[in-house]
Every structure is written in structure tokens, then in C-alpha cells.
1. Which of the residues spanning the range 102-136 are touching a helix residue (DSSP H, G or I) at 6+ places or on another chain (Cβ under 6 Å) and surrounded by fewer than 15 Cβ atoms within 10 Å (Cβ to Cβ)?
2. Which count do you get for residues in the range 191-204 that are in a loop (DSSP other than H, G, I, E, B) and in contact with a strand residue (DSSP E or B) (Cβ under 8 Å, 6 or more places away or on another chain)?
3. Any chance the range 147-163 includes a residue that's surrounded by 15 or more Cβ atoms within 10 Å (Cβ to Cβ) and of a type in the set (D, E, K, R)?
4. Which count do you get for residues in the range 94-121 that are outside any helix (DSSP H, G or I) and hydrophobic (A, V, I, L, M, F, W, C)?
5. Can you find a residue that is of a type in the set (S, T, N, Q), modelled with pLDDT of 95 or more and part of a loop (DSSP other than H, G, I, E, B) anywhere in the range 72-90?
6. When you scan the range 164-183, how many residues do you find that are free of Cβ contacts under 8 Å to residues at least 24 places away in the same chain and part of a strand (DSSP E or B)?
7. Just to be sure, is Thr157 among the hydroxyl-bearing types (Ser, Thr, Tyr) and over 24 Å from Arg89 (Cα atoms)?
Amino acid sequence: MHGGAVSLRRRRRAERYRVRMDTRRLAAAAATIVLIAVLAGCSGSAPDGGGGSSASAEPSASASPEASSSPTPSPTPTSPAVALPTDCRAILSEDVLSQLGETPLNDAAMGPSGVGDDGTLTCIWRDPRADTTGLVTTIARMNRGPALDLLNGLVATEGFTCFTPDEGTRCEKTWPNPQYPVTDGRTLFWRDDILIDTVYSNLAPTGYTSSIIAHLFD
């Protein structure tokens with residue numbers, strides 16, 4: 001009887017052990033299945049954009065403005081051509097005329113003067129008896145290209161100084177007279193296809209060229 005009871009207890013312990021082991025195996029298997037399911041859920045791209053691929057979305061094409069071509073210069077307003085003057089005194093202010101005083105104008109002994117066949121006005125302020133004192137002004141039409149060539153040539157070869165007053169280009173230079181102790185010079189002004197060109201010796205009234213500019217263009 002005693003030996004049979006011991007054998008019965010051993011069988012019961014063995015059965016309880018098998019039950020515990022089977023339970024542990026089932027739990028481990030269940031955990032493995034859950035882990036596999038979680039990994040499977042993470043590996044695929046999620047629908048509706050939730051947590052899917054980390055690749056950046058392709059940017060949408062934005063409506064860019066059409067590239068503009070080089071701007072076309074606006075046409076220069078065409079204005080009536082400036083009339084060439086016909087009177088050497090009328091183009092000067094009272095102040096300038098007073099500085100010229102009794103200096104003869106366009107004396108026949110000084111050669112051709114006044115209005116030429118092409119409309120050029122030549123004004124000669126000089127006493128024929130004077131050795132050097134006097135000035136000669138010509139007012140003529142000259143297109144932009146030839147005028148700039150002339151003025152640039154004077155700068156490059158003769159050392160004239162140019163600047164741009166009164167909406168035009170003015171170039172000038174003075175030098176000592178080679179024979180007398182006086183100053184000679186030349187002043188040119190170009191604007192709107194009109195060239196004012198004055199050569200003088202010992203006679204340079206203040207405001208002379210500016211007076212002509214004001215008469216022609218103002």
C-alpha cells in the first residue's frame with residue numbers, strides 16, 4: 001500500500017508539470033504570433049498616407065510667370081526741329097550785348113557772315129582794325145553721330161574738357177595766344193541736332209554761350 005501511494009503522487013506531479021509546460025508553450029507561441037503581426041503591420045505602406053514611406057512628395061508644378069524679354073525702349077517723343085536763328089543780336093541777352101559794347105558785327109572786311117545757303121548763321125564780332133580781339137560763332141545743324149565724333153575728337157587729340165549742362169553737351173578749351181599776351185579759346189555746345197561753335201581771342205563775354213542756348217531751347 002505504501003509503495004502504491006508514492007507512485008500515484010509522482011504521476012500527479014508529472015501531469016501538473018506537463019500542463020504548466022504546455023501552457024508556457026502556448027503563451028510563447030501566442031506572443032510570437034502577435035510580434036509577427038506587429039512587424040508585418042510596420043513593413044507595409046500605410047493606406048491613406050498614415051506613416052507610410054518617408055520619401056518626399058514630388059512638388060507640384062507652380063504657375064510661374066512667363067519670362068519677360070528685354071524691355072523695349074519707349075520711343076523718344078518727337079519734337080519739332082529747333083529753328084536755326086537768323087539774327088546775331090536777337091540771340092543774345094541785354095547783358096551780353098552790353099559787354100560787346102561797340103564791337104562791330106559782321107563787317108564785310110571780315111568775310112562771309114550772316115545766314116548761309118544751308119541756313120547756318122555766322123556771327124563775327126570783331127573790329128577789322130584790331131590785331132586779335134574778336135569772336136566768331138557759327139550755329140548749324142549737325143546730327144548726333146557727326147557731332148559726337150567731333151567732340152570726342154577734340155577731347156582725344158586737343159585736350160578739350162566736356163560736360164553736359166542744359167540737356168546738351170558742352171566742350172571747351174582755352175590757351176595763350178601765340179603772339180599776344182591774351183587768352184584764346186573755343187566753346188562748343190550740341191543739343192537736338194544743333195551745334196553752337198564759338199572761337200574767340202581776347203573777347204569772351206560772360207554768359208555768351210548760355211544766352212544763345214536760352215534763346216534757342218527755352
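The values are calculated or read from the model by the stated rules, or taken from the named source; none is laboratory data. Here the structure is a predicted model, which means the values were calculated and not measured. Every residue, glycine as well, gets a Cβ built from its backbone with ideal geometry; the counts of neighbours run over all protein chains shown.
1. Pro128
2. Of the residues in that region, 4 qualify.
3. No.
4. 3
5. Looking for residues that are of a type in the set (S, T, N, Q), modelled with pLDDT of 95 or more and part of a loop (DSSP other than H, G, I, E, B), one finds at least one in the range 72-90, hence yes.
6. Qualifying residue count for the region: 8.
7. Here the answer is yes, as Thr157 does meet what is asked.
The rows are residues; the columns are (1) small (Gly, Ala, Ser); (2) in contact (Cβ under 8 Å) with a residue 60 or more places away in the chain; (3) within 25 Å of Tyr180 (Cβ to Cβ).
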| site | (1), (2), (3) |
| --- | --- |
| Ala90 | yes, yes, no |
| Glu94 | no, no, no |
| Gly101 | yes, no, yes |
| Leu105 | no, no, yes |
| Gly111 | yes, no, yes |
| Gly116 | yes, no, no |
| Gly119 | yes, no, no |
| Cys123 | no, no, yes |
| Ala130 | yes, no, yes |
